[in-house]
Structure formats: structure tokens, C-alpha cells
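Here's the structure, in C-alpha cells; my notes come after.
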Amino acid sequence: MKELQTSNFKPQNKTQITTFNLKMFGIWKLLVGICLGFGCLMFGFVLSGCSEQMSTEYFYYSPSWTRGGQVIHIYGLQTTSKNIIGTQTGSSYAESVATMEATAGAAVTARFDVTSAKPYQMTCSPSGEYVAYLNDLDSSSSSYGSVIIRNIAGGSHSGLDLVELAFAANKIKSFDWSNDGTKIVYCTSTEVRTVNIDGTVDTLVVADTGIEFVSWKYGTMIAFVRTVGSDKILSLINPNGSARVNFAAASSVDKPQISSADTSIIYGLADGAYCKVDTGTSTRTTVLASCSGELPRLSPDAAKVVYSKTSEATGIYLLDIAAGTETAIR
């Protein structure tokens, strides 16, 4: 039989083999580290850049009227960015006072930024030159520290551009323009007062308790509401404090607005409805049986009402008084 031949190969010593293996293992670790590092870098790049998702949300609320019949309101813009796995990476929020026509889907025109100083209870002057609003909210007492008046007339104009009427810290509950636009009427919980729009001649009209709301624009008399027990009581009074008339709870409304078409008519909220009060006969009738308007504002021609709803974060609604119909316009 042929003899089996043995190989002449002899293995290296154990030290040489171990050194060789360690070198190969080090190279392998280096390559793996480079690959992992590159992968993490690319993954991070994808998360932070290429696949970032942006979302935008719009808010419309606190509407009122300009003299020309446009709706002036607060316009909020919320922008949020998220990475590919849905984690929020950034956000921003800005608010402006804006105007739009009183029709559904009308274009919105931003007037000025109010992100750092949110307006409350906006109302325009009878002449249409100015918008005024409350500022410096004290949420614990639902009162405010100042009234801001801004000129919104287009093009060249005369008069004030910006005025801040500051009062004792956070005590104003409500305010409105005088019928000639030269004064402001405002109330604390215990007083109704008037002041010129330049801040001079601050005058007491009447003192009482539980006062919550005032209205004057278009009317010769000031309307105000106070809480008595569980009732909202509407009263009328002359600016000099004379000829006060108190209405029964069944003939009263909250958040009153005086009609420009007939100043003996006052509109407002009562028992979850939007109502009309004839102050001559002390009768209250229903315009819209179910109304959750936060602060309904009567149009300059007294034909429509605009408001946001207390139960909604965004939305502007228009009520046609003659038809008794409600339409969402934003």
C-alpha cells in the first residue's frame, strides 16, 4: 500500500497566533465603530432634518366690529415641528389683531401683533378710528389693569396713535366707548365711571355692589349689569348719574349692547338665549333660543351679532337678528 504523506506545514507558536488574532480583532472593532458612528450620524440627520414634519393650526376668537362693518378679532397661529418618530422638536405661537369681511371664508388681514399683550373685550369707537381693549388680566378676580386705545384708521389720520389708560392694579371689569367717541365708560365691581380718552377727567357715575359689565356706545344712557343673588340685573343711567332705572330680572340681559337703530332697544344674553329688551315697555323677547356666545357684539347697523362660543377654542359666528339664524364664518 502507498504510504500516506504528511504535510511539512508546522503551526506557528501560540504567541504569534494570539498577536495575529488581536490585531485582526482591533481592525474589526475599528471598522464596526466607523460603521456604527456613520449610521448614527445619518440617523440623527434624518431625525433632525430631512424628515422633520411641520404642522400649523389657526385660531380665531374674541370678535367685534369696525365702523365699516368688518369683523375685528384675534388671529392666532400655532406652529409645531416633530421628527420622524413623532417627538416634538419645537413650537411657536403668535397672535395678531386682524380684520375680515363678515362672510364665511373671507380673507384675514393682520393689523398688529399682540403676542406679548393679549387683548380682551375689543371694541371700536363709533367713528371707526380707534380700537380699544382691556389688558393686564388678573385671572383670580377676572379684572384688568388698563385700557389700550390704538388708532386703526388707514392712511394719514389725526388724533392719538396709542394710549394706555392705567388704573389701580387689576380692578376694571368692563368698559365701552361713549356715543361720541371722546370718553370711555368703565366699571369696577363697585363703581361705574367715565374718563376722557386722553386719561383726563375721571368721573364717578354711580356706586353700587356686584357690578360686572357696562355699555354706552350708540346710547344716550349708560347700561350696566350687576349680580344680585343669582340674578343679573340690568340698569340704565345718565352719564351725570341721574335718572337711574333698574329692570326686573325677567326683563334684564347680561353683556348688554345698545342698538344704534333704536337706543331704547338693548340686546344681550339671558338664560342661555340671545334676547332683546324693549326698555320702553320692559319686555324681553328671544332672538336665538340657544346661544353660547362668549361676548356677543352688535353690528353698527344693529342687524347682526358676532361672537365666539364659550365651549370652543376657535371659531367666529354671525347671528342675523331678523332671521334668527346663526352661521359660522370662521
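Among the residues of region 234-249, those that are in a strand (DSSP E or B) and of a type in the set (S, T, N, Q) comprise Ser235, Asn246. Number of residues in region 44-97 that are among the small types (Gly, Ala, Ser), at pLDDT 85 or above and more than 13 Å from Ala110 (Cβ to Cβ) equals 9. Step by step: first the residues of region 260-291, then only those that are surrounded by 20 or more Cβ atoms within 10 Å (Cβ to Cβ) and part of a loop (DSSP other than H, G, I, E, B), then the one that is nearest to the chain's Cα centre (by Cα). Which residue is that? Here the residue is Cys291. In this structure, is Ser141 of a type outside the set (Phe, Trp, Tyr), out of contact with any Gly (no Cβ under 9 Å at 6 or more places or on another chain), loosely packed, with under 13 Cβ neighbours inside 10 Å and touching a residue at least 24 places away in the same chain (Cβ under 8 Å)? Taking the combined requirement at face value, the residue satisfies it. When the criteria are applied in full, Lys171 fails the requirement of being closer than 28 Å to Ala302 by Cβ and in contact with a strand residue (DSSP E or B) (Cβ under 7 Å, 6 or more places away or on another chain). Being over 30 Å from Ser215 (Cα atoms), surrounded by 15 or more Cβ atoms within 10 Å (Cβ to Cβ) and in contact (Cβ under 8 Å) with a residue 12 or more places away in the chain is true of Leu77. Scanning region 127-151 for residues that are in contact with a Lys or Arg (Cβ under 6 Å, 6 or more places away or on another chain) and either at negative phi or at pLDDT 90 or above (or both) yields a count of 2.
The values are calculated or read from the model by the stated rules, or taken from the named source; none is laboratory data. Source: prediction; values computed, not measured. Virtual Cβ from ideal backbone geometry, glycine too; neighbours counted across all protein chains shown.
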